[in-house]
Amino acid sequence: MKPVVLDTNILLDIFVFNDERAVHLKQATVNEGIVAIASQKTMLEFADVISRPLFKLDQATQVAVLSQWRSIAQQYDDSDLAPAPWICQDPNDQIFLDLAYRLRPAILISKDNAVLNIASRAAQEDILITSDYNAFKL
């Protein structure tokens, strides 16, 4: 089974918005039907995003969301993570590419166009970058 990296927008759909498109992905993540990977930097990115006023999440909710994700995801130490051979236009998303590159073969599920634009190049390195919430079933 390929490890799965979930970018921040996907985590928002799963843990904040309860997006119905992400129901099966959330079930697979919570029930450990997939190997979901997170790192210190991806956790910091997620924490930063959910703390923004736009989401109107109080401190207790933010802590609960982060705790749930931490309890589910396998932690990867990214302190010496080598960069992927592609540079993302959005520097905040680079960590997701770097992590998927290190874990290859891997799946990176993202809705971010800057990440999705790298999909064809990443495929050459056995990384599936997709916006398909059900890609983990492949």
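The values are calculated or read from the model by the stated rules, or taken from the named source; none is laboratory data. All values reported here derive from a predicted model rather than from experimental measurement. Heads up, the Cβs are rebuilt from the backbone with ideal geometry, glycines too, and the neighbour counts pull from every protein chain shown. Side chains are part of the model used for accessible areas, which takes the heavy atoms of the whole protein and leaves out ligands, DNA and RNA. Shrake-Rupley method; radii C 1.70, N 1.55, O 1.52, S 1.80 Å.
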The stretch 49-61, subset aliphatic (A, V, I, L, M) and either out of contact with any helix residue (DSSP H, G or I) (no Cβ under 9 Å at 6 or more places or on another chain) or farther than 30 Å from A82 by Cβ (or both), residue most open to solvent (accessible area, probe 1.4 Å): L54
Search result, residues across the stretch 104-130 that are part of a loop (DSSP other than H, G, I, E, B), farther than 13 Å from P3 by Cβ and either among the charged types (D, E, K, R) or open to solvent by 60 Å² or more (accessible area, probe 1.4 Å) (or both): K111, D112, N117, Q124, E125
Qualifying residues in the stretch 85-103 (those that are touching a residue at least 40 places away in the same chain (Cβ under 8 Å) and touching a Phe, Trp or Tyr at 6+ places or on another chain (Cβ under 8 Å)) - the one surrounded by the most Cβ atoms within 10 Å (Cβ to Cβ): L99
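Please pick out the residue among I34, I107, I95 that is of a type in the set (V, I, T), touching an Asp or Glu at 6+ places or on another chain (Cβ under 7 Å) and closer than 20 Å to D126 by Cα.
I95
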Residue count for the stretch 79-124, restricted to those that are of a type in the set (D, E, K, R) and under 26 Å from Q27 (Cα atoms): 6
Criterion (under 16 Å from D7 (Cβ atoms) and of a type in the set (D, E)) met by exactly one of D80, D98, D58: D98
Those residues of the stretch 16-33 which are open to solvent by 10 Å² or more (accessible area, probe 1.4 Å), in contact (Cβ under 8 Å) with a residue 40 or more places away in the chain and in contact with a Leu (Cβ under 9 Å, 6 or more places away or on another chain), in sequence order: V16
Lone unmet requirement of (1) over 12 Å from the mean Cα position of the chain (by Cα); (2) surrounded by 11 or more Cβ atoms within 10 Å (Cβ to Cβ) for A73: (1)
Unique residue being without any contact (Cβ under 8 Å) to a residue 40 or more places away in the chain, small (G, A, S) and touching a Ser or Thr at 6+ places or on another chain (Cβ under 7 Å) when the list is S120, S131: S131
Candidate set from the stretch 1-22 (those that are outside any helix (DSSP H, G or I) and out of contact with any helix residue (DSSP H, G or I) (no Cβ under 6 Å at 6 or more places or on another chain)); member that is nearest to R102 (Cα to Cα): K2
Residue under evaluation F46, criteria (1) open to solvent by less than 30 Å² (accessible area, probe 1.4 Å); (2) part of a loop (DSSP other than H, G, I, E, B); (3) aromatic (F, W, Y), criterion not met: (2)
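Residue by residue, here is whether (1) touching a His at 6+ places or on another chain (Cβ under 7 Å); (2) assigned to a loop (DSSP other than H, G, I, E, B); (3) of a type outside the set (K, R) holds:
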residue	(1), (2), (3)
H24	no, no, yes
A28	no, no, yes
G33	no, yes, yes
I37	no, no, yes
K41	no, no, no
A60	no, no, yes
L66	no, no, yes
W69	no, no, yes
D80	no, yes, yes
